[in-house]
1. Quick one: compute the contact order of the range 2-83, relative version, from alpha carbon pairs under 8 angstrom and 6+ residues apart, as a percent.
2. So for the pair Ile67, Leu30, with labels modelled 7 Å out along Cα→Cβ, what separation do we get in nm?
3. What FRET efficiency comes out for the pair Thr22/Ala89, r = Cβ-Cβ distance, R0 = 22 Å, nearest 0.05?
4. Which three numbers, in whole Å and largest first, are the semi-axes of the equivalent ellipsoid of the range 2-83 derived from its Cα gyration tensor as √(5λ)?
5. Across the range 6-15, in residue order, what do the Karplus-derived ³J(HN,Hα) couplings come to in whole Hz, using 6.51 cos²θ - 1.76 cosθ + 1.60 with θ = phi - 60° and x for Gly and Pro?
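We did not get these values from a lab; they are worked out from the coordinates using the rules stated. Being a predicted model, the structure only gives us computed values, none of them experimental. Here the Cβ positions follow ideal geometry from the backbone for every residue, glycine too, while neighbour counts run over all protein chains shown.
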Amino acid sequence: MNTAFVVQGTLFFVASVLLARTERSRPYGLFVGFAAANAAGNVVVATVPSGSAGVAWVHVSAAVLAIVGGNAAILAGSPFVNAHRAYRAASVGLLCWPVSFVLAGHRGDDHR
């Protein structure tokens with residue numbers, strides 16, 4: 001799980017930087033800054049155990065930084081990402097997949 005935190009934080013930050021470099025005409029500073037906060041929080045959460053005596057507050061603070069930074073990055077970056085047609089098409093496709101299971105009456109616990 002610790003590796004997953006590091007990978008998720010790092011890839012989210014790298015994706016924000018790559019998105020910022022695609023269109024230099026828009027201000028991406030807030031988006032990239034919040035993504036960096038999310039990455040830093042995720043890396044610290046992965047490296048500082050929650051049960052360690054005396055440093056549990058570091059883990060909790062980093063978790064708050066990761067959660068708030070990630071949510072703020074999504075809010076700050078959503079206008080930029082939504083502007084790309086490929087993103088909209090992929091979002092609709094990903095939404096249609098679970099909806100198709102619901103409409104077909106498929107349930108995950110059904111093993112015939």
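1. Averaging sequence separation for qualifying contacts and normalising by length gives 33 percent for the range 2-83.
2. It works out to 2.2 nm between the two label points.
3. On the way: r = 17 Å, r/R0 = 0.76.
With R0 = 22 Å, the Cβ-Cβ based efficiency is 0.85.
4. On the way: eigenvalues 152, 25, 13 Å².
Taking √(5λ) for each eigenvalue gives 28, 11, 8 Å, largest first.
5. With coefficients 6.51, -1.76 and 1.60, one gets 5, 5, 5, x, 5, 5, 5, 5, 4, 4 Hz.
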